[in-house]
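**Student:** My questions will all concern the structure given below.
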Amino acid sequence: MITAFDLAIVGTGPAGMAAAITASELGLSVAVLDEQPEPGGQIYRGVERLAISRAKHLEWLGPDYAAGLDLARAFRKSKIEYFDAAQVWQIEPVENGRLFYKRNGVTGILNAKKFLIAPGAMERPMPVPGWTLPGVMTCGAAQTLMKANGLAPEGKFVLAGCGPLLLLLAAQLLRAGVRPAAILETEVHRWAALPRLPGFLAAPGYLGKGLALLREIQSGGVPYHKGVTHLAIKGDTQAREIEFACSGVTHSEPVDLVLLHQGVVPNGNLAWSMRLAHEWDDAQRAFRPVLDAQGRSSNPAVLVAGDASGIIGAKGAQAMGQVVACAAAIDIGRISKQEVNERAIAAHAELAKHRGARPFLDTLYRPAQQWIAPRDDNTLVCRCEEVRAGEIRRLVLEQQCPGPNQMKSFVRCGMGPCQGRLCGLTTVELIAECRGVLVQDVGYYRIRSPIKPITVGDLAALDVPLRSDAVNP
Amino acid sequence: MFKPLPHSTDASVPVVVNGAAVSVPAGSTAAAAMLLGGAGHTRSSALSGEPRAPYCMMGACFECLMEIDGEANQQGCMVIVREGMRIDRQMGKREVRE
């Protein structure tokens, strides 16, 4: 027998946790699934464990991270059914559809009237020469190692790219007594961002926190190279050297570890696999699902909250989780619009404040063209299937390959184990650039379930038919 | 490439990384154990054979595919260590077994 819920929530980051708490308070029966063994998402990863055994690390990571503890505790207390370490690999995007997940090696199925997905964000791919070498990771990866595993980089390491996360990581490592050899900041757009400053100033605490981070990095004595226009990582079997150019001068430094970062984008594979309508967000240079103000998608069975809806940050995601849970409760018919009004209006106002800070940040840290459409032909774009930028350009210009799905047919680009997560945006940007059209006219990969790794044996062990007409049309 | 930070009362979990005994903090992932064990590369590409290592640490990139307790193609960053876990590099693609 398949257990049925009013609402199934995917993700236990700030959006998913807040949505779960709100939905249960509004009287919905709620299932919450997340692939990690503990709540928090990537932003609050490991926060419960740190409070027990690594209080000092909690301090180093800072108050914005520690704030996740209250949310995680409230989430644990809420009346929901929580499936931890559960990888959701397929959702039938219909009302009363089935959700398939793998947990402890076994496939489970549950049923829900509606689905609220909050799969969060991932770091934007930053394909530079040598980015597949061991000794090259993302800033987020290093931060995850600090949060979840209590580890910090050793040896000579640099942070390269731009964005709030890069600066935050530098400050967090400095607090732990770990000093980056350098920050190589790619171009930021201060003058273009200036007209968008008022919204940023109106958002609570953003400016103060940003300036405090910069002061920490400065007083930590980290060499800070600004306006970097070229990056290449060199080495045989391991990153050994980083080459970078700024102000027209090329430098080269020996290095043990390079941490790349070029902002974050919606983690989109679940939404794409459910065939939700998407639109191109030019300010954030990423696709996002088309949503109404309450997070309702193009499919009446599916709502989206948090960074997966477009990047809004942890606090914004938390507020949006509340907003979208209210909409779900109304749509399911558990509560009237009037009854939920006060709560929804407060959450909306909170969300609007955080959303107001984005235009400034999006403009300031907008990635320059060379970081999203690599100039060097030899740079790997698709890490899994080893497709290089030059090959993609050649197929568009010489073979008239029009889009990312045709690129799959030509060279298997995006068809490896990561299912296009690490090459999708780069591929469509390169195709758009070569064709001289907009990215929205190029589109994206057709993402199909299973969106998480399962075996043929897992499928064979299912004792129910997979209703293929509801998925992947 | 990585070292444990001080001020932790996490218990240590003994695991075996590429045949060598390594102690890692409880709650760590297999990919973190590899990095702590100084593995360098943790797999080689199934296509070209070039060396690769964990990249995103959040389940997105699949660069940390490794053999865990003899089972190939495991996402090392998604698996929490257990006492005695055998974590090995995966060279090339997974072999089909009976």
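The values are calculated or read from the model by the stated rules, or taken from the named source; none is laboratory data. Please read these numbers as outputs of a predicted model, since none were measured by experiment. Glycine gets a Cβ as well: all are built from the backbone with ideal geometry, and neighbour counts include every protein chain shown.
**Student:** Any residue in the stretch A:408-421 that is of a type outside the set (D, E, K, R), part of a helix (DSSP H, G or I) and either touching a residue at least 12 places away in the same chain (Cβ under 8 Å) or assigned by TED's automatic domain parsing to the domain that holds residue A:27 (or both)? Please lay out each step first, then the result.
**Tutor:** From the stretch A:408-421, those of a type outside the set (D, E, K, R) are A:409-411, A:413-420; that's our starting set.
Checking the rest, the ones that are also part of a helix (DSSP H, G or I) come to A:409-411.
Pick out the ones that are also either touching a residue at least 12 places away in the same chain (Cβ under 8 Å) or assigned by TED's automatic domain parsing to the domain that holds residue A:27 (or both) and you get A:410-411.
Checked the stretch A:408-421: at least one residue is of a type outside the set (D, E, K, R), part of a helix (DSSP H, G or I) and either touching a residue at least 12 places away in the same chain (Cβ under 8 Å) or assigned by TED's automatic domain parsing to the domain that holds residue A:27 (or both).
**Student:** Something else about it: Given the structure, is residue A:382 within 14 Å of chain B (Cβ to nearest Cβ), over 30 Å from residue A:198 (Cβ atoms) and surrounded by 19 or more Cβ atoms within 10 Å (Cβ to Cβ)? Before the answer, list the steps.
**Tutor:** Numbers: within 14 Å of chain B (Cβ to nearest Cβ): yes; over 30 Å from residue A:198 (Cβ atoms): yes; surrounded by 19 or more Cβ atoms within 10 Å (Cβ to Cβ): yes.
So residue A:382 passes the test.
**Student:** Has the stretch A:349-362 got at least one residue that is within 30 Å of residue A:262 (Cα to Cα) and among the acidic types (Asp, Glu)? Give the steps one after another, and end with the answer.
**Tutor:** Restricting attention to the stretch A:349-362, the residues satisfying the condition of being within 30 Å of residue A:262 (Cα to Cα) are A:349-362.
When the remaining residues are screened for being among the acidic types (Asp, Glu), the result is A:350, A:362.
Scanning the stretch A:349-362, I find at least one residue that is within 30 Å of residue A:262 (Cα to Cα) and among the acidic types (Asp, Glu), so the answer is yes.
**Student:** Identify, from the list B:22, B:16, the residue that is β-branched (Val, Ile, Thr), surrounded by fewer than 17 Cβ atoms within 10 Å (Cβ to Cβ), within 13 Å of the chain's Cα centre (by Cα) and more than 19 Å from residue A:38 (Cα to Cα).
**Tutor:** Working: B:22 fails: surrounded by fewer than 17 Cβ atoms within 10 Å (Cβ to Cβ).
Every option except B:16 fails the conditions.
**Student:** Can you name every residue in the stretch A:50-92 that is part of a helix (DSSP H, G or I) and among the aliphatic types (A, V, I, L, M)?
**Tutor:** Just the residues of the stretch A:50-92 that are part of a helix (DSSP H, G or I), to begin with: A:50-53, A:55-61, A:63-66, A:68-77.
Residues satisfying the conditions are A:50, A:51, A:52, A:55, A:58, A:61, A:66, A:69, A:71, A:72, A:74.
**Student:** Output the residues belonging to the stretch B:60-70 that are surrounded by 21 or more Cβ atoms within 10 Å (Cβ to Cβ) and either assigned to a loop (DSSP other than H, G, I, E, B) or at the interface with chain A (Cβ under 9 Å from one of its Cβ atoms) (or both).
**Tutor:** Of everything in the stretch B:60-70, those that are surrounded by 21 or more Cβ atoms within 10 Å (Cβ to Cβ) and either assigned to a loop (DSSP other than H, G, I, E, B) or at the interface with chain A (Cβ under 9 Å from one of its Cβ atoms) (or both) turn out to be B:60, B:61, B:62, B:63, B:64, B:65.
Yes/no matrix, rows are residues, columns are (1) more than 14 Å from every other protein chain (Cβ to nearest Cβ); (2) under 24 Å from residue B:81 (Cβ atoms):
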position: A:21; (1), (2): yes, no
position: A:56; (1), (2): no, yes
position: A:72; (1), (2): yes, yes
position: A:81; (1), (2): yes, no
position: A:84; (1), (2): no, yes
position: A:87; (1), (2): no, yes
position: A:100; (1), (2): yes, no
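**Student:** Now a separate question. Residues of the stretch A:396-415 being surrounded by fewer than 21 Cβ atoms within 10 Å (Cβ to Cβ) and small (Gly, Ala, Ser), which ones?
**Tutor:** So in the stretch A:396-415, the residues surrounded by fewer than 21 Cβ atoms within 10 Å (Cβ to Cβ) come out as A:397-400, A:402-403, A:405-406, A:408-412, A:415.
Matches in the stretch A:396-415: A:403, A:409.
Residue-by-condition table, conditions (1) within 8 Å of chain A (Cβ to nearest Cβ); (2) touching a residue at least 24 places away in the same chain (Cβ under 8 Å):
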| position | (1), (2) |
| --- | --- |
| B:7 | yes, no |
| B:29 | yes, yes |
| B:72 | no, no |
| B:96 | no, no |
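**Student:** Something else: Please verify whether the stretch A:135-142 includes one or more residues that are assigned to a helix (DSSP H, G or I) and more than 26 Å from residue A:236 (Cα to Cα).
**Tutor:** Looking only at the stretch A:135-142, we keep the residues that are assigned to a helix (DSSP H, G or I), and these are A:139-142.
Still in the list and also more than 26 Å from residue A:236 (Cα to Cα): none.
The answer is no, given that none of the residues of the stretch A:135-142 is assigned to a helix (DSSP H, G or I) and more than 26 Å from residue A:236 (Cα to Cα).
**Student:** Among the candidates A:441, A:463, which residue alone is at pLDDT below 95, loosely packed, with under 15 Cβ neighbours inside 10 Å and over 23 Å from residue A:267 (Cβ atoms)? Please lay out each step first, then the result.
**Tutor:** Values: A:441 fails: at pLDDT below 95.
Going through A:441, A:463 in turn, the sole match is A:463.
**Student:** Taking the criterion of being touching a helix residue (DSSP H, G or I) at 6+ places or on another chain (Cβ under 8 Å) and farther than 21 Å from residue A:13 by Cα, would at least one residue in the stretch A:312-331 satisfy it?
**Tutor:** Yes: the stretch A:312-331 contains one or more residues that are touching a helix residue (DSSP H, G or I) at 6+ places or on another chain (Cβ under 8 Å) and farther than 21 Å from residue A:13 by Cα.
**Student:** With at pLDDT 95 or above and surrounded by fewer than 22 Cβ atoms within 10 Å (Cβ to Cβ) as the only criterion, which of A:308, A:293 stands out? Don't jump to the end; show me each part of the working.
**Tutor:** Values: A:308 fails: surrounded by fewer than 22 Cβ atoms within 10 Å (Cβ to Cβ).
Exactly one residue qualifies, and that residue is A:293.
**Student:** Hey, another quick one. Can you pull out the strands (runs of 3 or more DSSP E) entirely within the stretch A:188-266 that have at least 2 residues that are closer than 30 Å to residue A:290 by Cα and within 24 Å of the chain's Cα centre (by Cα)? Even if it seems obvious, please write down each step before you answer.
**Tutor:** Details: elements: A:224-234, A:241-246, A:249-254, A:257-262, A:264-266.
In the stretch A:188-266, the matching strands (runs of 3 or more DSSP E) lie at A:257-262, A:264-266.
**Student:** Go through A:229, A:186 for me and flag whichever is in contact with a Phe, Trp or Tyr (Cβ under 8 Å, 6 or more places away or on another chain), closer than 19 Å to residue A:371 by Cβ and among the hydroxyl-bearing types (Ser, Thr, Tyr). It would help to see each step written out before you state the result.
**Tutor:** On the way: A:229 fails: in contact with a Phe, Trp or Tyr (Cβ under 8 Å, 6 or more places away or on another chain).
Just a single option satisfies the conditions, and that option is A:186.
**Student:** Do the conditions hold for residue A:352, that is, is it buried (at least 20 other Cβ atoms within 10 Å of the Cβ) and not assigned by TED's automatic domain parsing to the domain that holds residue A:432?
**Tutor:** Numbers: buried (at least 20 other Cβ atoms within 10 Å of the Cβ): no; not assigned by TED's automatic domain parsing to the domain that holds residue A:432: yes.
Judged against the criteria, residue A:352 is not a match.
**Student:** Go through the stretch A:145-160 residue by residue and tally those that are more than 8 Å from chain B (Cβ to nearest Cβ) and either surrounded by 24 or more Cβ atoms within 10 Å (Cβ to Cβ) or in a helix (DSSP H, G or I) (or both).
**Tutor:** Taking the stretch A:145-160 as the starting set, the residues that turn out to be more than 8 Å from chain B (Cβ to nearest Cβ) are A:147, A:156-160.
If we keep only those that are either surrounded by 24 or more Cβ atoms within 10 Å (Cβ to Cβ) or in a helix (DSSP H, G or I) (or both) too, we end up with A:147, A:157-160.
Selection size over the stretch A:145-160: 5.
**Student:** Of the numbered conditions (1) surrounded by 22 or more Cβ atoms within 10 Å (Cβ to Cβ); (2) under 21 Å from residue A:274 (Cα atoms); (3) out of contact with any Pro (no Cβ under 7 Å at 6 or more places or on another chain), residue A:98 satisfies every one except a single condition; which is it?
**Tutor:** Of the numbered conditions (1) surrounded by 22 or more Cβ atoms within 10 Å (Cβ to Cβ); (2) under 21 Å from residue A:274 (Cα atoms); (3) out of contact with any Pro (no Cβ under 7 Å at 6 or more places or on another chain), the odd one out for residue A:98 is (1).
**Student:** Report yes if some residue within the stretch A:103-123 is surrounded by fewer than 21 Cβ atoms within 10 Å (Cβ to Cβ) and within 24 Å of the chain's Cα centre (by Cα); otherwise report no.
**Tutor:** yes
**Student:** For the stretch B:37-59, which positions are among the hydroxyl-bearing types (Ser, Thr, Tyr) and either without any contact (Cβ under 8 Å) to a residue 12 or more places away in the chain or at the interface with chain A (Cβ under 7 Å from one of its Cβ atoms) (or both)?
**Tutor:** Restricting attention to the stretch B:37-59, the residues satisfying the condition of being among the hydroxyl-bearing types (Ser, Thr, Tyr) are B:42, B:44-45, B:48, B:55.
Within the stretch B:37-59, B:45, B:48, B:55 meet the criteria.
**Student:** Any idea which of A:283, A:193 is among the small types (Gly, Ala, Ser), surrounded by fewer than 16 Cβ atoms within 10 Å (Cβ to Cβ) and closer than 30 Å to residue A:118 by Cα?
**Tutor:** Numbers: A:193 fails: surrounded by fewer than 16 Cβ atoms within 10 Å (Cβ to Cβ).
Within the list A:283, A:193, the selection yields A:283.
**Student:** List pairs: first residue in the stretch A:263-281 and basic (Lys, Arg), second residue surrounded by 22 or more Cβ atoms within 10 Å (Cβ to Cβ) anywhere in the structure, Cβ distance under 7 angstrom, at least six positions apart or on different chains.
**Tutor:** Short answer, once both residue conditions are applied: A:275/A:93.
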